[in-house]
1. Take the residues in segment 96-119 that are assigned to a loop (DSSP other than H, G, I, E, B) and hydrophobic (A, V, I, L, M, F, W, C); name whichever of them is surrounded by the fewest Cβ atoms within 10 Å (Cβ to Cβ).
2. Restricting to segment 24-57, name every residue that is of a type in the set (A, V, I, L, M), closer than 20 Å to residue 113 by Cβ and part of a loop (DSSP other than H, G, I, E, B).
Amino acid sequence: MKPRIYGMVLVAGLAAIQPVLAQAFTSRSGVRVNPVNAAVFEVVPRSGGGGDLYWCGAADYAQRALKASWQARVYVARAMGPSETMNKRSAVQFTLDPQAAGITPTESSLSINSMKVGESMTVQQGFYYCQKQVPF
């Protein structure tokens, strides 16, 4: 009797996590991108990395998963910090809609590594950094 109950609990548990797994996205540069809420998504590299990994992941997700145009702007919604969607120490959150995410767009830095809230670039500019990555 107990093995049957354990089996049912296991099946129910797997069914509950399936939608979360279906939402996971891996960019061309190998970083994970996960939705945080309806307006914000989080880019989480395997291990540390420069801004090019984050911008590539954000642009790739925006273009392929969210179907954003090449001219759409991707904004930093939360600077680098612990991931909210995975057990990782480094993640950056992005949005296509700064108003919905509650942020104010700002002038972008000359450094792709600054990752300040409100900085942005077009999907096409971010995707440029995917071309520089060597796939794993």
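Please treat every number below as a calculation from the coordinates, not as lab data. Being a predicted model, the structure only gives us computed values, none of them experimental. All Cβ positions, glycine included, derive from the backbone under ideal geometry; neighbour counts span all protein chains shown.
1. Quick first cut of segment 96-119, residues assigned to a loop (DSSP other than H, G, I, E, B) only: 96-97, 102-119.
Retained after the next criterion (residues that are hydrophobic (A, V, I, L, M, F, W, C)): 96, 103, 110, 112, 115, 117.
Working: 96: 22, 103: 21, 110: 6, 112: 19, 115: 19, 117: 17.
In this case the residue turns out to be 110.
2. 31 - this is the single residue of segment 24-57 that is of a type in the set (A, V, I, L, M), closer than 20 Å to residue 113 by Cβ and part of a loop (DSSP other than H, G, I, E, B).
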